[in-house]
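Taking it in order: structure first as structure tokens, then the write-up.
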């Protein structure tokens with residue numbers, strides 16, 4: 001089994017062309033929702049770029065604790081080289097490009113290699129699992145002379161969602177005991193603990209207010225883009241062959257920070273990653289498949305902010321788990337979690353964690369709904385979703401197919417029957433069955449209840465109120481699953497009502513959703529403006545789900561429409577270009593972006609249902625289906641290296657937009673990668 005390495009060579013002759021260095025990002029996570037992230041150049045272009053974003057219990061949520069480290073090397077000759085500087089001075093901030101010879105991800109972890117004459121220095125960064133701690137390690141891999149390394153950390157102490165213009169804390173207090181340093185800014189905020197490992201280490205107090213740092217990506221997205229940082233001073237090390245220098249930053253107690261040496265902590269993290277690959281299916285242990293597996297690991301977290309969930313899980317013998325929907329700004333979303341569950345857990349051999357997630361969300365069912373999302377720093381979820389609960393049925397089915405865990409089914413089944421009854425009677429947000437045809441309708445003024453959920457103020461961009469096509473495909477699939485599960489556990493007579501209802505839905509769906517004028521399905525029927533003929537990818541779920549509601553004779557026509565109008569190398573457009581509301585790009589301020597979010601913008605995760613539907617129409621042609629993933633293999637070298645973005649422009653060159661690492665994008669690419677592997681690649 002080969003450890004995957006993704007290289008980004010950098011010719012120092014190209015040092016004048018910095019665009020790749022500031023548009024390629026890296027991401028390291030800690031399994032709690034905390035992370036470290038930045039650009040290859042070290043320049044922070046987002047409010048979310050930092051070296052330690054700690055996941056703290058509610059009400060704090062994720063906190064930006066260590067924003068940046070400026071790096072300077074003093075050679076034996078006395079000359080000084082700046083590897084990374086301050087963002088307010090672009091020339092200095094990018095000065096290290098003249099010395100960068102390579103950036104690479106090794107088993108998903110970032111490595112920078114700098115060449116300074118005969119000296120080659122390598123920098124590595126990692127976060128120990130389930131710790132709000134980051135290690136930055138420097139090593140001289142070529143050269144004989146000893147150099148002096150100077151590191152200047154800068155901080156803000158703010159919510160990672162807060163604008164960069166948010167004021168700094170009124171005061172910072174620095175304490176030092178035995179080369180351990182604690183930086184605090186009041187009792188309501190966590191303290192940042194800093195320590196060093198290396199030769200001839202020292203710290204010099206030199207308090208400075210670093211003003212007017214520019215975050216250019218925030219500026220392009222219409223947000224506050226200039227802010228201040230503060231530094232307490234700088235660390236110094238001697239760096240020579242065979243002697244690493246390490247800066248450790250953490251919000252954890254000192255005994256946990258110092259429990260392992262940096263070398264042992266890194267070795268442990270490397271072993272953990274090797275085990276992830278060894279557990280994965282054979283098709284995903286090397287190459288791009290292995291990169292997908294390591295990317296998937298970033299989204300599976302222990303919900304550090306929700307102590308009640310953790311307590312309940314532990315009391316029942318589980319471990320609290322959930323899914324971060326995307327980095328950097330998403331929390332855990334019910335819909336995204338259920339869509340992603342198969343790819344992130346079952347396609348990686350992590351079935352126990354799938355069970356933890358399902359049982360955690362089952363605990364939160366209210367009025368027949370699972371939460372749509374858990375806001376940052378909150379214990380309670382929000383429930384405004386019409387499809388997340390139906391995706392829960394699908395995720396549970398995939399889990400049972402992989403594990404045959406009848407115990408979990410028996411535990412959850414009464415709640416699923418309650419979900420069905422609530423939907424039949426009608427529940428929150430006017431989600432409920434239409435007694436006239438058995439189909440599911442939804443829609444309440446001011447709410448966005450389907451996955452096409454862009455909303456700005458009171459403006460719901462794609463309300464889709466009425467009977468949405470994918471909602472009813474999921475509704476049918478869920479009831480067929482209930483029919484099977486109830487029949488298996490309680491007998492055919494108990495399952496009869498579900499069978500009768502599913503039969504009725506199938507008839508109504510095929511009568512109501514087929515549009516003979518276009519040769520594909522309506523996106524919404526009985527909507528506010530009647531039946532919506534927009535060509536969207538939602539209709540594919542009528543084919544792709546295990547229980548396909550659409551009559552088989554109509555599958556080829558729907559697939560053809562999607563392939564011709566919606567398919568791109570990196571997913572499917574959310575609206576066909578022929579539609580007058582189509583938007584070809586996703587950029588600009590929030591209002592402009594939201595107007596395009598589901599009106600043409602390409603979504604990577606939709607490649608999953610497309611491939612499922614394609615293989616229904618072309619059974620046994622997995623090798624041809626694998627070709628639909630080619631664009632994602634190339635994309636692993638763009639945007640967030642080693643991961644897959646949330647969305648893309650709808651036209652070539654299909655520029656990556658939105659979150660630079662998105663759970664369901666990675667999950668569906670990985671799931672389809674494993675599914676379309678040749679027989680020789682499977683276990």
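Rule-based calculations on the coordinates, nothing more; no lab input. Predicted model, so just to flag it, every value in this text is computed and none were measured. Cβ atoms come from the backbone with ideal geometry, glycine included; neighbour counts cover every protein chain shown.
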Ascending count of other beta-carbon atoms within 10 Å, so fewest first, for 118, 437: 118, 437
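Determine the gain in length on full extension of the stretch residue 80-residue 223; use 0.36 nm per residue of separation and subtract their C-alpha separation, reporting nm with one decimal. Provide the component values of the computation, followed by the final result.
Values: separation 143, 0.36 × 143 = 51.48 nm, distance 3.60 nm.
Value of the extension gain: 47.9 nm.
Tell me what the chain gives for mean residue ellipticity at 222 nm when only DSSP H runs of n ≥ 4 count, each as -39,500 (n - 2.57), the sum divided by the residue total, rounded to 500 deg cm²/dmol. Spell out each step's value before the answer.
Details: 20 runs with 216 residues, N = 683.
Helix contribution divided over all residues of the chain: -9500 deg cm²/dmol.
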Regarding segment 300-428, what are the three Cα extents along the principal axes, ordered largest first, in Å? 37, 33, 28
Compute the angle between helix 334-344 and the longest alpha-carbon principal axis of the chain, please, reported from 0 to 90 degrees and rounded to the nearest 10. 80 degrees
Between segment 570-592 and segment 55-70, what is the C-alpha centre distance in whole Å? 34 Å
Over segment 119-175: Rg over Rh, Cα atoms, Kirkwood Rh: 1.10
Residue order, fewest to most surrounding Cβ atoms within 10 angstrom, among 660, 422, 640, 270: 270, 422, 640, 660
Once the Cβ-Cβ distance between residue 261 and residue 511 is put in as r, and R0 is 60 Å, what FRET efficiency do you end up with, to the nearest 0.05? 0.30
Angle check, please: helix 555-565 long axis (alpha carbons) against the longest principal axis of the chain (alpha carbons), in degrees 0 to 90, nearest 10. 40 degrees
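If you count, for each residue, the other Cβ atoms within 10 Å and average over each peptide, how do 525-534, 380-389, 158-167, 461-470 line up from highest to lowest? Present the calculation step by step, with values, prior to reporting the outcome.
Working: 525-534: 15.9, 380-389: 22.9, 158-167: 17.8, 461-470: 25.1.
Most protected by this proxy first, the peptides run 461-470, 380-389, 158-167, 525-534.
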Hey, fewest Cβ within 10 Å first, where do 476, 215 land in order? 215, 476
Pairing the Cα long axis of helix 406-425 with the longest principal axis of the chain, what angle in degrees results, from 0 to 90 and rounded to the nearest 10? 60 degrees
Sorted largest first, the Cα spans of segment 196-251 on the principal axes come out in Å as 47, 24, 23
Where the Cα pairs of segment 551-683 fall when distances are cut into 10 Å bins, in %: 13, 41, 33, 11, 2
Semi-axes of the equivalent ellipsoid for segment 350-402, Cα gyration tensor, largest first, Å: 21, 14, 8
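Scaled to the compact-protein estimate 2.2 N^0.38 Å, what is the alpha-carbon radius of gyration of segment 214-365, rounded to two decimal places? Walk me through the numbers on the way to the answer.
Numbers: Rg = 19.7 Å, N = 152, 2.2 N^0.38 = 14.8 Å.
The value comes to 1.33.
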Could you sort the peptides 489-499, 327-337, 438-448 by per-residue average Cβ neighbour count (10 Å cutoff), highest mean leading? 327-337, 438-448, 489-499
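Evaluate 2.2 N^0.38 Å with N set to the residue count of segment 144-261, then give the Cα radius of gyration divided by it.
Values: Rg = 16.4 Å, N = 118, 2.2 N^0.38 = 13.5 Å.
Relative to the 2.2 N^0.38 Å estimate, segment 144-261 comes out at 1.22.
Let me know the whole percent of all Cα-Cα pairs from segment 5-261 that are separated by more than 33 Å. Walk me through the numbers on the way to the answer.
Numbers: 4363 of 32896 pairs.
In whole percent, the share of Cα-Cα pairs in segment 5-261 beyond 33 Å is 13.
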For segment 434-563, the Cα-Cα pair-distance distribution in 10 Å bins from 0, as whole percents, is 13, 40, 31, 13, 2
Could you tell me the largest-minus-smallest coordinate of the C-alpha atoms of the chain on each of the three principal axes, in descending order and whole angstroms? 83, 53, 52
